[in-house]
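Take a look at the structure below.
Computed from the coordinates by the stated procedures, all read-outs in this text should not be read as laboratory data. Everything quoted here is computed from the prediction, not taken from an experiment. Here the Cβ is made from the backbone with ideal geometry for all residues, glycine too, and neighbour counts use every protein chain on show.
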Amino acid sequence: MEVRRAAKAGFCFGVKRAIELARDTARERDGPVFSLGPLIHNPQVVEQLNRLGVGVVDAVEQVPSGGTLIIRSHGAGPRVLARAGALGLQVVDATCPFVARAQRLARELAAAGKQVILVGDKKHPEVQGIVDWTDGQAVVVEGPQEAALLPGAADMAVLAQTTQPAANFQAVVDVLQTKAGRLQICNTICHATVARQQAALELAGRVAVMVVAGGAGSANTGKLARLCRRAGVPTYQVETAPELDPAWFAGVRVAGLTAGASTPDWIIEEVQRRMKELGEMTENEETKQETTESGEEMQVNATPEEQDVPEEHAAPEENAAPAEQAAPEPEQAEEAMPGMAAEGMQEAMEVKSLRHGEIVKGVVVQVGPDEVLVDVGAKSEGIIPLRELSCCSVSSPQDIVKVGDEIEVAVVKAEDNEGRLILSKERADAEKAWVKLQEMLDSGEPVQGTVREVVKGGLLVDVGVRAFLPASLVERGYVEDLSKYLGMEISARVIELNRGRKKVILSRKAVLEEELAQKRQEMLDSLAEGQVVQGIVRRLTNFGAFVDIGGVDGLLHISEMAWHRVNHPSEVVKVGDELDVAVLRVDRENEKISLGLKQVLPNPWDSVDETYPVGSVVHAKVVRLAPFGAFVQLEPGVEGLVHISHLADHHVATPDEVVQEGDEVDVKVLSVDKDEKRIRLSIREVGREPRERENRRSRDHQPKHHQHIPNDDGGGVTIGDVVGDIFDEHK
């Protein structure tokens, strides 16, 4: 008997990655290491890992303090991760990239307010983890019958467990489209799962019996077995080689073998060897029996034509054990949809035949230092060399993609000298980019891109193809250092395009100017006189300062900066100051805005009568002279006049005989008129008061022999008093 093995069988990338992480962790960590549940659904592999020091726990709390917890390829929810963090455990995340992508999508869709529907097994840990990422809001259905029972919703999104059959997912989608106002379809089925199912169905069509090797608890292994049975072939699922029954291969010339994603190669090889042995034993027994009955020598060796499995050699369906004929409960939903299995089989049988130049979708499964591994559903993962990742030079693939990203790639070589599939993200991006760039050139819509290099005269921008952004068009003004734009996501307008010469010229300045014009118009429309707005001082001149109040510059005139006289704007503000200003005037026709700063500051004249009561003496500064007196500043914004007659006790011809600008003097407040903003001051009165007090003290101590001259009312003054008064008048 010939045993044919499916082209895609056994470990997928996600399982391989999880096992490698577990082995590395066991070697590198000193403390206890545990996986949350069996790392994969294969008891033999789990036992091997246990011998290496990787135990299994059912709950985070079972891990000893200081231990390491491995999150298996099925993933886990955020609450599990939070509990591990709270317990101080070291976490190694071995979540399959396809599962991580489904988790991320579910979280984003739920956060956007969509009703998330997840097609899968409610009890499967992968499904439970994805539901947790939606904060428990996702609804799980196992097939179209359950989907038909759901209430309608305005906004739905549907995802799939990564091991779901494509036909079952599509059947659920068809039902939901009748219930949702808007339905977002996210096909999160693993490419490796689809490829494995395609290969199994293709093989099932060419053999008399199928054997599916894999763990009894493995969901994807069970689905493989059900798909093969649906193809009309007797199918048996085993975990190890000893479970094979010789009766299954009676009269069979060609048998098929496939395996689930959690089945290691050594188990597949053991099963394959045992199948060959059982086939040979069966053939020998049949030969002996036929020789005894007919007495004639029967030809045992099959001809090449017999290898195509004629109908007479195929094992009848009734030969299958009753347990194998009975379909598990998950199949009932599939049976309820006539033609669905055939549709799924037809879809699965369409094995990708990749050819040079073809553009396909894939998921990044590994990012190395100089290449990226992508699963595109082919027989093996494709490789993107570093040079084929981007149109611009990149130092590390991590700058462009990460594990779990879904990307489009072009086939460079379906098979190189080493049998590898070579892909190019750069070529796929370029194919789309040229079409998109032409549309944007025609419409004037800006394009988004990432700055990758600084070159002479400008920047190189990745917009799907390499585009040049001249230095003069980077900003509205001159930019001295262009290196600060490296890695920046920018928006620019396409101003020149020539696909034949691979030439793309961009202008970021055009976009910035358009945005500024739009902001300016919006600001002008929203401003009102008397409104207080926040601004930043951008530029100083001799007559004022220009203040940016949200994309629009307004003029803060020097006369509106303070309640006192300002000689230069730098006395009050400096470039970069943030301040509140009042809108004084808006000229929308000429796009001019007048601003005021003093209007938002307290006016010292409002309380000047309380601050400087009549009769008080104040220390002040002479700020300017006039023919009729001197102006004195009591505080910034408050000035008073000392009339020339109050500068001194004697006659003063000009004020500069007594004071100079800048002198600090004491003045007495004679009167305050805050409505007219006038204050009368006196220097003479401040000097006279102490002299009068001194004179009074002198008179009180005069000798009693001074002559006393009586006055009319019976009183009298002394000669000293008369002489003193005369002296005072002429002093």
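Structure data summary
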quantity: Estimated FRET transfer efficiency when R0 is 60 angstrom, pair residue 436-residue 529 (beta carbons, to 0.05); calculated: 0.80
quantity: When each of 402/425; 432/503; 484/509; 16/276; 519/592 is checked by Cα-Cα distance, pairs over 19 Å; calculated: 16/276
quantity: Cα-centre dipole for region 2-143 with unit charges at Cβ (Lys and Arg positive, Asp and Glu negative), debye to 20; calculated: 360 debye
quantity: Estimated Rh, region 98-189: Kirkwood, alpha-carbon pairs, angstrom; calculated: 12.5 Å
quantity: Rounded FRET efficiency, nearest 0.05, which uses the C-beta distance separating residue 660 from residue 580 and R0 of 51 Å; calculated: 0.85
quantity: Alpha carbon centroid spacing (whole Å) that separates region 528-544 from region 208-228; calculated: 76 Å
quantity: Calculated FRET value between residue 570 and residue 44, using beta carbons and R₀ = 60 Å, to 0.05; calculated: 0.15
quantity: Inter-label distance for residue 516 and residue 216, nm, one decimal - labels placed 7 Å from Cα along Cα-to-Cβ; calculated: 7.5 nm
quantity: Residues 236, 485, 478 arranged by fewest to most Cβ contacts within 10 Å; calculated: 478, 485, 236
quantity: Between region 604-662 and region 367-393, the Cα center-to-center distance that results, in Å; calculated: 85 Å
quantity: Pair residue 186, residue 648: separation of 7 Å Cα→Cβ label points (nm); calculated: 9.2 nm
quantity: Spacing of the two label points (7 Å from each Cα toward its C-beta) at residue 495 and residue 137, in nm; calculated: 4.5 nm
quantity: Centroid-to-centroid separation of region 403-475 and region 93-121 [C-alpha atoms, Å]; calculated: 29 Å
quantity: Phi-based couplings in Hz for region 439-456 (Karplus 6.51, -1.76, 1.60; Gly and Pro marked x); calculated: 4, 6, 5, 5, 8, x, 6, x, 10, 9, x, 10, 6, 10, 9, 9, 10, 4
quantity: All Cα pairs of region 412-499, percent lying beyond 16 Å; calculated: 59 percent
quantity: Two-decimal ratio, region 359-428, of alpha-carbon radius of gyration to 2.2 N^0.38 Å; calculated: 0.97
quantity: Taking 639, 489, 685 and counting other C-beta atoms within 10 Å, the order from fewest to most; calculated: 489, 685, 639
quantity: Linear extension gain, residue 588 paired with residue 448, 0.36 nm per residue minus alpha-carbon span; calculated: 47.1 nm
quantity: 130, 536 arranged by Cβ crowding within 10 Å, fewest neighbours leading; calculated: 536, 130
quantity: Reachable lysines, given that their alpha-carbon falls under 19 Å from the alpha-carbon of residue 574 and they are not under 8 places away in the same chain; calculated: 598
quantity: Sequence-distant lysines (8 or more away, or on other chains) whose Cα lies within less than 20 Å of residue 668; calculated: 621, 677
